[in-house]
Amino acid sequence: MSLTDTYKLKNGVEIPVVGFGTWQSSEEDAEQSVLWALDAGYRHIDTAAAYRNEAGVGRALKKSGLKREEIFVTTKLSNKEHGYEEAKQAIEDSLSKLDCEYIDLYLIHWPNPIKYRDNWKEANAESWRAMEEAVEAGKIRALGVSNFHGHHLDALAETAKIEPTLNQILLNPSDMQPEVVQYNKDHGIVSEAYSPLGTGKIFEVEELKELAAKYDKSIAQLVLRWSLQHGFLPLPKSVHEERVRENADIFDFEISEEDMKQIDALKGRAGEAADPDQTQF
Ligand SMILES: NC(=O)c1ccc[n+]([C@@H]2O[C@H](COP(=O)([O-])OP(=O)(O)OC[C@H]3O[C@@H](n4cnc5c(N)ncnc54)[C@H](OP(=O)(O)O)[C@@H]3O)[C@@H](O)[C@H]2O)c1
C-alpha cells in the first residue's frame, strides 16, 4: 500500500486512501501546506467552503505543476447554503475559488444545520438535486455526505437519483462511531475519517506513547495506520512540513491484531463526535 493506492467508490471513481486536511488553516497556510503535501506524495486534498481557504488550495494545485487529473479534490456545501438555488451557486463559487473545471468529490458538510432545523430533509433533498445536476454537467465526479447518521441517509435516499458514495465522519480511537460505520458498510459507502488525530488531542493518550515506541513510530503514524487497517480513509492535517511528511510514512509496518484491539479500547479518551442533530451552527 502507498499514498497513491485507492479505494473504489461505488460509482467507479477511485479515491486515494489517505487525504490531506485543511480545516483551521488560513488561505496562506492551506496553500503552503498543500504544496508540501503534494511534494510529499499526497494526491488527495480535503477542503470546504466553510474553511475559507479554497482559493489557497487552488493556488497550490496550480503551483505544484501536477496535472489536475493527478489530484483528487474534495470540497463541501456550507451550512448556510442548503437548498436548490443556494447549492447550485455554492458549487459555482467553489469551482471559481479552487480555479478548477471540476470537483472530484462534493459533500453536504452537515445534515441538519441550525438554519434548516425545521426543514432539513427537504433542504438536503433540494441541495442534492443541484449536486446531481452538477454531476450530469461534468462539474463533479462523485457525491457524498459528511456527519450524516443513518436516519439522514435514509431520508436522502427517498429522493436521490445518485447515491452517496462516501460519508466523512469523525473517526479515531476515541470515537469509532460503530453504528454509522456499519450503516456505511451495509450501503457500500466509504467511511472517511476526519480528525484522525482527534484535532491534536490523541497525543495526550499515555498508552499510545508506549505502543508507538514498540513499532518505532510516532503516535500520529500509529493512529493513522490503525485507521487504514480498519478500512477507513484518514485525513490528517498539519501546517508543519516535517509533520506533513511524517504523517505519510505509514506504509512500512503492520499493527498486530492484539494491539489493534488495545487501540480500539481507548474510547472517550480524546473527545467524541458531535451529535449532528444538536449542533448550534
Ligand atoms: N467534515 C467535517 O465536519 C470535518 C470536521 C473536522 C475535520 N475535517 C477534515 O479532517 C481534517 C483533519 O481533522 P482535524 O483538522 O480535526 O485534525 P487532525 O488531523 O485530527 O489533527 C490535527 C492537529 O494535530 C497536529 N498534528 C498533525 N500531525 C502531527 C504530528 N505528526 N505530530 C504532532 N502533532 C500533529 C496539528 O498541528 P499543526 O497543524 O500545528 O501541525 C493539528 O493541531 C481537517 O483538516 C478537515 O479537512 C472535517
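The residues listed here are Arg129, Arg141; of these, the one that is in contact (Cβ under 8 Å) with a residue 12 or more places away in the chain and over 25 Å from Val17 (Cβ atoms) is Arg129. In summary, helices (runs of 4 or more DSSP H) completely within region 173-281 and bearing 3 or more residues that are closer than 23 Å to Trp36 by Cα occur at 219-229, 241-246. Restricting region 7-21 to residues that are open to solvent by less than 20 Å² (accessible area, probe 1.4 Å) and farther than 12 Å from Leu105 by Cβ leaves a set whose member that is nearest to the ligand (Cβ to nearest atom) is Gly21.
Report yes if some residue within region 93-112 is among the charged types (D, E, K, R), closer than 19 Å to Val145 by Cβ and open to solvent by 20 Å² or more (accessible area, probe 1.4 Å); otherwise report no.
no
The values are calculated or read from the model by the stated rules, or taken from the named source; none is laboratory data. Computed from a prediction, not measured in an experiment: that's the story for all the values here. Heads up, the Cβs are rebuilt from the backbone with ideal geometry, glycines too, and the neighbour counts pull from every protein chain shown. These area figures cover heavy atoms from the full protein model, side chains too; ligands, DNA and RNA do not enter into them. Shrake-Rupley method; radii C 1.70, N 1.55, O 1.52, S 1.80 Å.
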